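Everything on this sheet refers to the single structure shown next.
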Amino acid sequence: METKILLKESEMPREWYNIVPDLPSPLPPPLHPGTKQPIGPDDLKAIFPMGLIEQEMSSERWIKIPEEILKIYTLWRPSPVYRALRLEEVLKSPAKIYYKYEGVSPAGSHKPNTAVAQAYYNKKEGVKRIATETGAGQWGSALCFATNLFGMECTVYMVKVSYEQKPYRRSMMETWGGKVIPSPSSLTESGKKILAADPNCPGSLGIAISEAVEDAATHKEVNYSLGSVLNHVCLHQTIVGLEAKKQMQMVGDYPDVVIGCVGGGSNFAGLAIPFIQDKLTGKKVRALAVEPVVCPSLTRGLYAYDFGDAVGLTPLLKMYTLGHSFVPPRIHAGGLRYHGVSPLICHLLKQGLIEARAYTQRPVFEAAVTFARCEGIIMAPESAHACKAVFDEVERCKQEGKKETILFNLSGHGLVDMAAYDDYFSGKMQDVALSESELNRAMADLPKV
Ligand SMILES: Cc1ncc(COP(=O)(O)O)c(C=O)c1O
């Protein structure tokens, strides 16, 4: 029995999979916030390169991965699928547990899969600098790694709570030549507005997005780059699931359930969407998205048009949202603190093609620690949400007497997140609940469409 299922570099997928043409009903389009009409390519030109705008709106099923991107991907791709044999033994699991490990990338997560692609298309169109946001620091470090390879500058607005909790992520970004600014900052009008209302604001992904978008929109040679949420980001991440399908095939297996954590939705999309393609043609497979209880967009949010950022600069996206002004309580999984989720993932949930579930921090870390003690890998707090769901699926299999096959996306390592593990071991980590009134407050700010 193989522990690691490995593909050769020559077996790496040459195309990304776009699920849009295969959807049973059309994806609600993004709307212009002023006219409330569907946006066109021209509306995005100020901050994105045409190569990415075309992918964002594409109805082509397969999109060729340029050779230059494939060449860079070989620095860490194809990534391994592991069979978690030791974990199965410790959990006395009747289910087989597999995980796709994206922590092998230079930045330590799945994020470089899209960072390299985005840097490539920006470079091709002459962009000199990219501005972006980062939550946990994973996306920011991935983009700094990528822009550096293409000789571009990168400015990263980093959610303040993560900037303070994760100083080494900042060091990584600086090592790859990036400039890191704690958000909210007083460098942008968006940041100033937030700080005027709450000088101690811990920041959120929504706020950092506002700052980065403003930076790009107000500087000619600067573009904006988003690490999740948008169609083209989910598209780039499908290489994860396409590889995983080949790897499962190599061992003659197929998952009953695929699991991923959800911040903006990209790592879940990357693993799950190629399997959902099979589901649409009659294959039996479940896809389970996992989020934190304190930021429950999919499990408690409203399916409505909302801004992608906190201040209201972006087009309106149809998604399960907690309201763009929602600032989630501080948790260690900084990358899961986003008020919305990718419209593509939300559409799949609305259509009943995926499921969603939420957990609090402590059981999530308990699962991650058990995993580390069996499998060795110390995972990112974000990925640990998916891990906890795996444990619960194993429990369900025991109760139902089923021998299923589980595949989850171990989206990143947690070696720069050890402060979170310290908090867990010292007993300082809190399980915070989210009151109905806090939820309702931010949802009252939803734009009228
Ligand atoms: C390791 C890791 N996993 C998951 C996520 C969540 O993002 P997404 O839902 O786009 O995959 C992040 C975000 O920063 C992350 O760093």
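Numerical summary
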read-out	value
Qualifying position, being modelled with pLDDT under 95, hydroxyl-bearing (Ser, Thr, Tyr) and either closer than 30 Å to residue 318 by Cα or not assigned by TED's automatic domain parsing to the domain that holds residue 311 (or both), among 383, 435, 411	435
Complete set of residues in the range 119-146 that are among the hydroxyl-bearing types (Ser, Thr, Tyr) and within 11 Å of residue 226 (Cα to Cα)	132, 134
Qualifying residue in the range 348-367 (condition: crowded, with 24+ Cβ neighbours inside 10 Å, of a type in the set (A, V, I, L, M), within 30 Å of residue 33 (Cα to Cα) and away from the ligand (no atom under 15 Å from the Cβ))	no
Single residue of the range 260-290 satisfying the filter (part of a helix (DSSP H, G or I) and charged (D, E, K, R)) that is surrounded by the fewest Cβ atoms within 10 Å (Cβ to Cβ)	278
Close pairs (8 angstrom Cβ cut-off, 6 or more residues apart or separate chains): under 29 Å from residue 70 (Cβ atoms) in the range 14-36, among the aromatic types (Phe, Trp, Tyr) anywhere	15/62; 16/62; 17/62; 18/62
Residues of the range 192-202 satisfying the condition of being under 18 Å from residue 331 (Cβ atoms) and in contact (Cβ under 8 Å) with a residue 60 or more places away in the chain	201, 202
Number of positions in the range 336-352 that are touching a Cys at 6+ places or on another chain (Cβ under 8 Å) and either among the β-branched types (Val, Ile, Thr) or assigned to a helix (DSSP H, G or I) (or both)	3
Only one of 312, 323 that is more than 15 Å from the ligand (Cβ to nearest atom), touching a Pro at 6+ places or on another chain (Cβ under 8 Å) and either within 28 Å of residue 431 (Cβ to Cβ) or not in a helix (DSSP H, G or I) (or both)	312
Count of the range 109-136 residues which are within 14 Å of the ligand (Cβ to nearest atom) and touching a strand residue (DSSP E or B) at 6+ places or on another chain (Cβ under 6 Å)	5
Some residue of the range 95-108 being within 16 Å of the ligand (Cβ to nearest atom) and among the aromatic types (Phe, Trp, Tyr)	yes
Selected residue (criterion: surrounded by the fewest Cβ atoms within 10 Å (Cβ to Cβ)) from residues of the range 372-415 that are more than 10 Å from the ligand (Cβ to nearest atom) and within 22 Å of residue 168 (Cβ to Cβ)	376
Unmet criterion (only one of (1) under 22 Å from residue 135 (Cβ atoms); (2) buried (at least 17 other Cβ atoms within 10 Å of the Cβ)) for residue 431	(2)
Of all residues making up the range 86-119, the number that are assigned to a helix (DSSP H, G or I), under 20 Å from the mean Cα position of the chain (by Cα) and of a type outside the set (Val, Ile, Thr)	6
Among residues of the range 277-319, those that are among the charged types (D, E, K, R) and modelled with pLDDT under 95, counted	1
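The values are calculated or read from the model by the stated rules, or taken from the named source; none is laboratory data. Computed from a predicted structure; not experimentally measured. Quick reminder, even Gly has a Cβ in these numbers, built from the backbone with ideal geometry, and neighbours come from all protein chains shown.
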